[in-house]
Every structure is written in C-alpha cells, then in structure tokens.
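The block underneath contains the structure these notes are about, expressed in structure tokens.
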C-alpha cells in the first residue's frame, strides 16, 4: 500500500486552441496541468472534469499517439512524467445541480458522452445544463463503471444540499444507497458536513475546483491505495478492500466565498447567530446569498458533528500564495528550494523553511499544521483571508 496526493476537480480552459470551460483560464491546458502544475503542486493524480468534451477527448488521443499519455490496465492514463490522469465529467442536471462522474477509460468516457451529447446545447463546453435528472446521471455513471460524486455539495451555487434539498433521501429514495462520495466544497469541512445524519456513510472529497493554475491543489486528498490507477482510486473512494481516503486537506470554511450569508443590497457579510437569511440592516430577504454555514445550521440533525469512526481527519490549509508575506519573489524561493508546494505545506522542516523565507512565514506554516490560522471570514462570492498577525 502507498499514500498518494490527488486533486480530483480541475478544469481546463481550452483544448485544440478552442474554449472548453468558459470561466477557466485559456492558458490552463491538459499539458499545462499534467507536465507543470501537478508537479509544482506535488500531486500524484489529477482529475480533469472536462474530459467529456470532444475537444478534450481528441487532445487526449493525440497525446496517446505521441506517447505523452499511456493507458493503464486498470483504468486511468499515466503521463510520461508519472502523473496519473483521472477522466472526469462535470455537468449540471435538470434540477440545476452540479455532479461529477469519474470514468475508467476512453471507451467508457465515450459511452458517457454518447448519452449526454443530445441532451446538452454545446457538447464541446464543460458543465453544460443537461436534459437529464440526477437519477439518470447516477444510473449512467453505474452503467459506465464510474464513480458518481455531488460537486461542492453545500454551496448555494449548484450544490445539492445548498440549493435543492435538506435530505438526499427525499429526491433519491432507494437510490441513495448508490451514493458513496460527495465533494465538500471550499466553504465546508468534515465538522460541518457531519452535522447531517445521512452523510455518515459518504466519503468526503476536498478538491480545488480550480479554474487557473494558481488554484490547483488549494484543496487536496491523501489516499491509501495499492497502485496508481482508476480501479485503486475507485476502491479508495468507496472505502473498500483496505483502500481509503486517509486525510482531507482544505481551506478553513471561513475562507470560503460562500461561508456566511451575504446581502446583495447592502453588500455586507452577515455576522449574526446562524442561520441568517434576512439582512438585519435593510430587512432584505430576497437579495440574499445563503451562506454554507447558515444553510447547514438550518438543515442539520445535530448541533455538534457526529463523526463516524472511519472519518479521516480534515486538515486546514491555506495555499502558499495566500499567506501574508508570500509574494511572487518569496513563492519563487520556495519553488527553487523544495520539490513542490505540498512538500512545503506538509513535509519540510520548519527550520529549513525559516532559513529560506524567514521565521514569520515558517511560524504561520507551523501554526497551520498544528492548529487553525485566524481568518477574516468570506461570503457572498468574496473569499476570506488570513489575518496578518498569525506570524506572531
């Protein structure tokens, strides 16, 4: 068995010089992610959730012909540098919810795409609204031998708990037993998610949902597997045969841009006792962006988290670029002296970090590893940020 780092929700902006994910950087290409970003961040596996676009499929086939990618016997594709590519497809269901399906190989990806292509407006673009229900995509994922996952499940923007329902049982019925994995999203953690009773049997993923190179691995997962391939990762996500998610690494929910409710009229983040869905300043309740924290308090079954015995630790992390005092020059020093950003965040000695970039940044990283940094909260589409005095 071995431990691997993975970020399984990464978007690419273009393939074959044409747009794929409209809101992603056009510089974010498959080759950029595999041969630069994943290495710099320290990832072993990347999940590209735009893989069902014919443009991306064609680019993958070109890379296979060139020997830049190699298909693995048990699913997945290995880049020439050893990084493993997991083929993912994110779409918006008829209910307005974002879901991800991870597919084992190109054949199953094409089978998935063949079903989807007549149900979306533009099959070349990622995360399209599909004329297909959650249950239909769940069944499709099963037929394609894939892994189904609710994306950013608690956010007010397209999250199943944040937007659609307080209980998955209400919308899925018996099909709830097929749900094995949900993605927490940037504004939630295991403590918040484990206030809901029905989540106790789910594996939690903490992924970046990156739309740019800089944001790749702002959240990531540590998996215990016997090998680097789709089959092993599927077993880990389903918590089977001794494979599992060992740890989640993610933003403190306070940093998430949907942590607390936000009044669009007053342009203020709510700070009262949750749940707050009416602005105390202007009494507005129609132009409010519901906060993840407020929503979970509204629908929770427990006032404190009830963690199942096998729930892995959730470790609060802040990307190096978002730490006070880490500008481009400091970040470059860290890149020059360490193999990856994950090495800096998780493995390097604090003394060594201090020698390279100073005691203040080293102290912040040490505090982040051992406890929680003090955060100025976010909300309403605005990210929170790390308070400067954390270095003291």
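The values are calculated or read from the model by the stated rules, or taken from the named source; none is laboratory data. Everything quoted here is computed from the prediction, not taken from an experiment. Here Cβ is always computed from backbone atoms with ideal geometry, including for glycine, and neighbour counts include all displayed protein chains.
Checked against the criterion of being surrounded by 23 or more Cβ atoms within 10 Å (Cβ to Cβ), touching a helix residue (DSSP H, G or I) at 6+ places or on another chain (Cβ under 9 Å), under 23 Å from residue 221 (Cα atoms) and modelled with pLDDT of 95 or more, the candidates 72, 86 yield just one match: 86. Cβ-Cβ contacts under 9 Å between residues 6 or more apart (or on different chains), taken from a first residue in region 367-384 that is on the phi > 0 side of the Ramachandran plot to a second residue that is exposed (fewer than 13 other Cβ atoms within 10 Å of the Cβ) and assigned to a loop (DSSP other than H, G, I, E, B), are listed as 380/267. Here is the figure for region 250-276: residues that are farther than 19 Å from residue 375 by Cβ, surrounded by fewer than 16 Cβ atoms within 10 Å (Cβ to Cβ) and in contact with a strand residue (DSSP E or B) (Cβ under 8 Å, 6 or more places away or on another chain) total 1. The residues of region 18-71 that are farther than 30 Å from residue 3 by Cβ, in contact (Cβ under 8 Å) with a residue 60 or more places away in the chain and in a helix (DSSP H, G or I), listed by number, are 54, 55. The residues of region 368-392 that are assigned to a helix (DSSP H, G or I) and crowded, with 16+ Cβ neighbours inside 10 Å, listed by number, are 368, 390, 391. Checked against the criteria, residue 295 counts as modelled with pLDDT of 95 or more, under 23 Å from the mean Cα position of the chain (by Cα) and over 30 Å from residue 224 (Cα atoms).
So, of the residues in region 288-304 that are touching a strand residue (DSSP E or B) at 6+ places or on another chain (Cβ under 7 Å) and not in a strand (DSSP E or B), which turns out to be nearest to residue 158 (Cα to Cα)? Out of the qualifying residues, it is 291. Taking the criterion of being touching a helix residue (DSSP H, G or I) at 6+ places or on another chain (Cβ under 8 Å) and free of Cβ contacts under 8 Å to residues at least 24 places away in the same chain, the only residue of region 177-201 that qualifies is 199. Within region 305-326, residues that are at positive phi have Cβ atoms under 9 Å from residues that are exposed (fewer than 15 other Cβ atoms within 10 Å of the Cβ) in these pairs: 325/358; 325/388, counting only partners at least 6 apart in sequence or on another chain. For residues that are surrounded by fewer than 18 Cβ atoms within 10 Å (Cβ to Cβ) and in contact with a helix residue (DSSP H, G or I) (Cβ under 7 Å, 6 or more places away or on another chain), scanning just region 343-354, find the one that is nearest to residue 164 (Cα to Cα). Applying the filter and picking the extreme gives 350. Checked against (1) part of a loop (DSSP other than H, G, I, E, B); (2) within 25 Å of the chain's Cα centre (by Cα); (3) closer than 26 Å to residue 157 by Cα, residue 272 meets all criteria but (2). Of all the listed residues (272, 325), the sole one being modelled with pLDDT under 95 and more than 30 Å from residue 165 (Cβ to Cβ) is 325.
Look through 102, 161, 112, 142 and report the one residue that is more than 30 Å from residue 197 (Cβ to Cβ) and either touching a residue at least 12 places away in the same chain (Cβ under 8 Å) or part of a loop (DSSP other than H, G, I, E, B) (or both).
Residue meeting the stated conditions: 112.
Scan region 165-179 and give yes if some residue there is under 16 Å from residue 100 (Cβ atoms) and surrounded by fewer than 22 Cβ atoms within 10 Å (Cβ to Cβ), otherwise no. Yes, region 165-179 has at least one match.
Scanning region 317-342 for residues that are within 30 Å of residue 274 (Cα to Cα) and surrounded by fewer than 19 Cβ atoms within 10 Å (Cβ to Cβ) yields a total of 2.
Residues that are within 21 Å of residue 346 (Cα to Cα) and part of a strand (DSSP E or B) within region 178-236 comprise 204, 205, 210, 220, 221, 222, 223, 224, 225, listed in sequence order. Criterion applied to 66, 41, 18 was being closer than 22 Å to residue 114 by Cβ and either surrounded by 20 or more Cβ atoms within 10 Å (Cβ to Cβ) or at pLDDT 95 or above (or both), and the one residue passing it is 18.
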